[in-house]
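Visitor: Please find one structure pasted underneath; my questions will follow.
The values are calculated or read from the model by the stated rules, or taken from the named source; none is laboratory data. Just so we're clear, the structure is a prediction, and the values are computed from it rather than from any experiment. Positions of Cβ are generated from backbone atoms using ideal geometry, with glycine treated the same way; all protein chains shown enter the neighbour counts. Side chains are part of the model used for accessible areas, which takes the heavy atoms of the whole protein and leaves out ligands, DNA and RNA. Shrake-Rupley method; radii C 1.70, N 1.55, O 1.52, S 1.80 Å.
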Amino acid sequence: MEQHADQYIGGAWRPSLSADSLTVLDPATEQALATVPAGGPADVDAAVTAARAAARTWAATTREERLAPLTRLRDGLAARQTEIATTVTAELGSPIGFATAVQAALPLAVADSYLAILAGYEFQEQVGNSTVYAEPAGVVAAITPWNYPLHQIVAKVVPALAAGCTVVLKPAEDTPLVARLFARIVHEAGFPAGVFNLVTGLGAVAGAALAEHPGVDLVSFTGSTAVGRGIAETAGRGVKRVTLELGGKSANVVLPGADLARAVNVNVGNVFANSGQTCSAWTRLLVHEDQYEEAVAIAAKAAAKYVPGDPAEPQTRVGPVVSARQRERVRDYITGALAEGARLAAGGADAPEGLDTGYYVRPTVLADVTPEMTVAREEVFGPVLSILRYRDEEHALEIANGTDYGLAGGVWAADNETAAAFARRMDTGQVDINGGRFNPLAPFGGHKGSGLGRELGRHGLEEFLQTKSLQF
Ligand code: NAD
């Protein structure tokens with residue numbers, strides 16, 4: 001087992017100032033993979049001090065001076081695709097096929113997109129007698145979760161560096177190994193010391209110390225709504241900018257006339273990918289009452305193809321969930337839904353057959369779910385699909401919007417125009433029309449309790465910029 005005792009601060013790996021450590025578990029075997037330091041306020045302070053010291057010089061670099069190391073960072077991500085995928089499979093349990101195609105490839109695509117955006121971005125505009133400059137926001141605290149661990153790091157760190165900000169990253173405690181790999185890639189790319197810093201540690205200790213550090217100008221957080229709310233309060237007291245990417249309870253609405261089989265099959269794949277641990281997953285499938293039983297049958301049949309297994313095997317489609325705690329949470333939601341009157345169409349709360357070791361959950365389809373049920377309101381973050389029935393379009397919209405969240409969604413109809421008209425009335429940040437593909441250039445973020453601000457594309461870069469006007 002690897003034992004790490006260092007943090008990446010000020011351009012070098014330095015012994016952590018904390019003697020505490022975190023043990024990283026393989027969720028498929030429950031065995032320890034490694035230990036990393038559980039950094040404390042002293043590590044955070046050293047990292048913020050290093051980022052602050054580097055901030056003015058990095059902010060004054062030209063576009064070309066930033067593009068050079070960012071291009072080497074992109075090349076490092078490309079060269080390490082296999083190592084990234086195997087690391088994410090080991091610490092998260094994401095199946096190797098998915099880890100390769102998404103967990104490793106998506107961050108590379110996002111890094112690529114920012115090279116192009118930075119190359120063409122206008123950092124200056126003329127407004128009457130004023131020249132308006134888009135300047136870096138300063139020192140960024142990036143706090144990330146474990147479900148798409150490298151994607152969430154890259155979606156913050158790369159645009160922040162492109163904008164001319166310096167960064168302190170505090171990754172999730174369950175998945176620090178891919179974060180350490182990322183730090184090695186950043187180091188090899190040759191950024192000036194202090195431009196990027198990594199502190200591993202517990203959220204309530206290292207994360208909290210970072211979010212409230214007076215040397216931080218902007219906090220970019222992805223994680224749960226409960227923690228996000230606390231971070232926004234802390235940032236408010238310090239008058240710091242804050243970006244929050246929080247949870248979701250997204251609806252996939254199948255309007256009459258749509259290709260029902262395709263809509264349901266795509267939804268099942270969407271919810272079971274990454275063991276359901278996707279903030280934008282369509283966890284609520286809304287079907288017209290006349291087609292309801294047909295949809296449940298299609299979903300149950302599709303779910304049977306998602307057999308949990310060893311994530312290291314190339315044919316595995318569903319691995320374990322990240323931790324024992326997460327497994328218990330998901331099982332409790334399934335049991336609770338059945339107690340509240342939902343009908344089990346596939347899966348269930350019991351451990352999958354033959355998988356007594358590992359944090360496995362059976363891919364589950366729940367029918368007869370109504371909007372008041374807990375499983376229809378709260379984020380499960382596991383392989384659980386709830387199917388709800390609606391009477392007419394207005395009723396479907398009321399159900400779709402009847403949640404505290406508003407991150408993503410889907411609409412299926414006989415034609416794109418009908419689906420788009422419905423989608424425009426949904427209180428949510430992104431909607432896929434008739435199976436429209438994920439676009440890493442489109443702004444990603446939430447309405448309502450799903451967050452503040454946007455990531456990805458030009459909008460994601462602009463989160464890390466602030467304006468200054470000079471009048472002539
Ligand atoms: P979490 O909020 O517990 O943790 C997220 C990060 O915050 C971790 O790095 C954690 O260490 C840190 N943290 C925890 N407590 C903290 C505190 N008091 N102060 C500062 N930092 C703290 O969330 P999680 O359980 O790790 O992640 C799952 C959640 O993230 C889900 O709710 C999911 O929907 C959400 N999520 C949202 C998006 C999005 O883009 N909207 C993406 C992925 C995950």
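Visitor: Within the range 369-413, restricting attention to residues that are more than 16 Å from the ligand (Cβ to nearest atom) and over 24 Å from A297 (Cα atoms), which residue is least open to solvent (accessible area, probe 1.4 Å)?
Guide: Filtering first and then ranking leaves N401.
Visitor: Does the range 436-452 contain any residue that is in a helix (DSSP H, G or I), of a type in the set (S, T, Y) and within 16 Å of the ligand (Cβ to nearest atom)? Spell out how you get there, then give the answer.
Guide: To start, the set of residues in the range 436-452 that are in a helix (DSSP H, G or I) comprises 448-450.
Now restrict to residues that are of a type in the set (S, T, Y): 450.
Still in the running and within 16 Å of the ligand (Cβ to nearest atom): 450.
Taking every residue of the range 436-452 in turn, at least one turns out to be in a helix (DSSP H, G or I), of a type in the set (S, T, Y) and within 16 Å of the ligand (Cβ to nearest atom).
Visitor: Can you tell me which residue in the range 185-208 is nearest to the ligand (Cβ to nearest atom), limited to those that are crowded, with 21+ Cβ neighbours inside 10 Å, over 13 Å from L70 (Cα atoms) and within 22 Å of the chain's Cα centre (by Cα)?
Guide: Top of the filtered list is G207.
Visitor: Separate question: All but one of (1) open to solvent by less than 10 Å² (accessible area, probe 1.4 Å); (2) assigned to a helix (DSSP H, G or I); (3) within 23 Å of R262 (Cβ to Cβ) hold for A421; state the number of the condition that does not hold.
Guide: Failing condition for A421: (1).
Visitor: Tell me whether the range 239-255 contains one or more residues that are of a type in the set (G, A, S), more than 10 Å from the ligand (Cβ to nearest atom) and open to solvent by 10 Å² or more (accessible area, probe 1.4 Å).
Guide: Checked the range 239-255: no residue is of a type in the set (G, A, S), more than 10 Å from the ligand (Cβ to nearest atom) and open to solvent by 10 Å² or more (accessible area, probe 1.4 Å).
Visitor: Surrounded by fewer than 23 Cβ atoms within 10 Å (Cβ to Cβ), modelled with pLDDT under 95 and either away from the ligand (no atom under 11 Å from the Cβ) or not in a loop (DSSP other than H, G, I, E, B) (or both): which single residue out of A226, A261 fits that description? Please lay out each step first, then the result.
Guide: Values: A261 fails: modelled with pLDDT under 95.
That would be A226, the only listed residue that is surrounded by fewer than 23 Cβ atoms within 10 Å (Cβ to Cβ), modelled with pLDDT under 95 and either away from the ligand (no atom under 11 Å from the Cβ) or not in a loop (DSSP other than H, G, I, E, B) (or both).
Visitor: Tell me which strands (runs of 3 or more DSSP E) are completely within the range 78-169 and hold 3 or more residues being touching a Ser or Thr at 6+ places or on another chain (Cβ under 7 Å), or say none if there are none. Walk me through it before giving the result.
Guide: On the way: elements: 124-127, 130-136, 139-143.
Result: 130-136, 139-143.
Visitor: Can you pull out every residue in the range 161-204 that is farther than 21 Å from V239 by Cα and among the β-branched types (V, I, T)?
Guide: Across the range 161-204, the qualifying residues are T175, V178, I185, V186, V195, V199, T200.
Visitor: Search the range 146-184 for residues being surrounded by fewer than 22 Cβ atoms within 10 Å (Cβ to Cβ) and away from the ligand (no atom under 16 Å from the Cβ), and hand back the single one that is farthest from G230 (Cα to Cα).
Guide: R184
Visitor: Can you report the number of residues in the range 302-338 which are within 16 Å of the ligand (Cβ to nearest atom) and among the hydroxyl-bearing types (S, T, Y)?
Guide: Initial filter on the range 302-338 (within 16 Å of the ligand (Cβ to nearest atom)): 320-330, 332-333.
Narrowing the set further to residues that are among the hydroxyl-bearing types (S, T, Y) leaves 323, 333.
The qualifying residues number 2.
Visitor: Out of curiosity, is I399 part of a helix (DSSP H, G or I) and not assigned by TED's automatic domain parsing to the domain that holds T131?
Guide: Details: part of a helix (DSSP H, G or I): yes; not assigned by TED's automatic domain parsing to the domain that holds T131: yes.
In short, yes.
Visitor: Shifting gears a bit: Could you please find all residues in the range 457-472 being in contact (Cβ under 8 Å) with a residue 60 or more places away in the chain and outside any strand (DSSP E or B)? It would help to see each step written out before you state the result.
Guide: At the first step, the residues of the range 457-472 found to be in contact (Cβ under 8 Å) with a residue 60 or more places away in the chain are 457-458, 460-472.
Passing the criteria: G457, R458, G460, L461, E462, E463, F464, F472.
Visitor: Select from the range 308-328 the residues that are part of a helix (DSSP H, G or I) and open to solvent by less than 20 Å² (accessible area, probe 1.4 Å) and list them in ascending order. Lay out the reasoning, then the answer.
Guide: Taking the range 308-328 as the starting set, the residues that turn out to be part of a helix (DSSP H, G or I) are 324-328.
Within the range 308-328, just Q326 meets the criteria.
Visitor: Kindly indicate whether any position in the range 196-215 is over 25 Å from Q81 (Cα atoms) and either in a strand (DSSP E or B) or acidic (D, E) (or both).
Guide: Yes, the conditions are met somewhere in the range 196-215.
Visitor: Just need a number here: residues in the range 356-368 that are surrounded by 17 or more Cβ atoms within 10 Å (Cβ to Cβ) and either at pLDDT below 95 or not aliphatic (A, V, I, L, M) (or both). Even if it seems obvious, please write down each step before you answer.
Guide: We begin by selecting, within the range 356-368, every residue surrounded by 17 or more Cβ atoms within 10 Å (Cβ to Cβ); these are 358-368.
From the residues that got through so far, the ones that are either at pLDDT below 95 or not aliphatic (A, V, I, L, M) (or both) too are 358-360, 362-364, 368.
Residues meeting the conditions: 7.
Visitor: Restricting attention to the range 264-307, and to residues there that are in contact with a Pro (Cβ under 6 Å, 6 or more places away or on another chain) and either assigned to a helix (DSSP H, G or I) or free of Cβ contacts under 8 Å to residues at least 60 places away in the same chain (or both), which single residue is farthest from P95 (Cα to Cα)? Break it down into steps so the answer makes sense when it comes.
Guide: Step one: filter the range 264-307 for residues in contact with a Pro (Cβ under 6 Å, 6 or more places away or on another chain), giving 272, 275-276, 288, 303, 306.
Subsequent filtering for residues that are either assigned to a helix (DSSP H, G or I) or free of Cβ contacts under 8 Å to residues at least 60 places away in the same chain (or both) retains 272, 275-276, 303.
Values: F272: 11, S275: 9, G276: 12, A303: 17 Å.
Among those residues, the one meeting the criterion is A303.
Visitor: Moving on. Could you give every pair whose Cβ atoms fall below 7 Å, whose first residue belongs to the range 33-53 and is within 19 Å of A172 (Cα to Cα) and modelled with pLDDT of 95 or more, and whose second residue is assigned to a helix (DSSP H, G or I) and acidic (D, E), counting only separations of at least 6 or pairs across chains?
Guide: Sorted first by the residue in the range 33-53, then by its partner, the pairs are L33/E91.
Visitor: Right, something else. Quick one: in the range 13-56, which of the residues that are open to solvent by less than 40 Å² (accessible area, probe 1.4 Å) and of a type in the set (D, E) is farthest from A163 (Cα to Cα)?
Guide: First pass over the range 13-56, keeping only residues open to solvent by less than 40 Å² (accessible area, probe 1.4 Å): 16, 18, 22, 24, 26-28, 34-40, 43-44, 46-48, 50-51, 54-55.
Add one more test, that the residue is of a type in the set (D, E), and what stays is 26, 43.
Working: D26: 36, D43: 25 Å.
Of everything passing the filter in the range 13-56, D26 is farthest from A163 (Cα to Cα).
Visitor: A further question on this structure: Considering only the range 29-56, state which residues are within 17 Å of P176 (Cα to Cα), touching a helix residue (DSSP H, G or I) at 6+ places or on another chain (Cβ under 9 Å) and outside any strand (DSSP E or B). Lay out the reasoning, then the answer.
Guide: Within the range 29-56, the subset within 17 Å of P176 (Cα to Cα) is 30-40, 43-44, 47.
Cutting the leftovers down to touching a helix residue (DSSP H, G or I) at 6+ places or on another chain (Cβ under 9 Å) gives us 30, 33-34, 36-40, 43-44, 47.
Scanning the range 29-56 gives E30, A38, G39, G40, D43, V44, A47.
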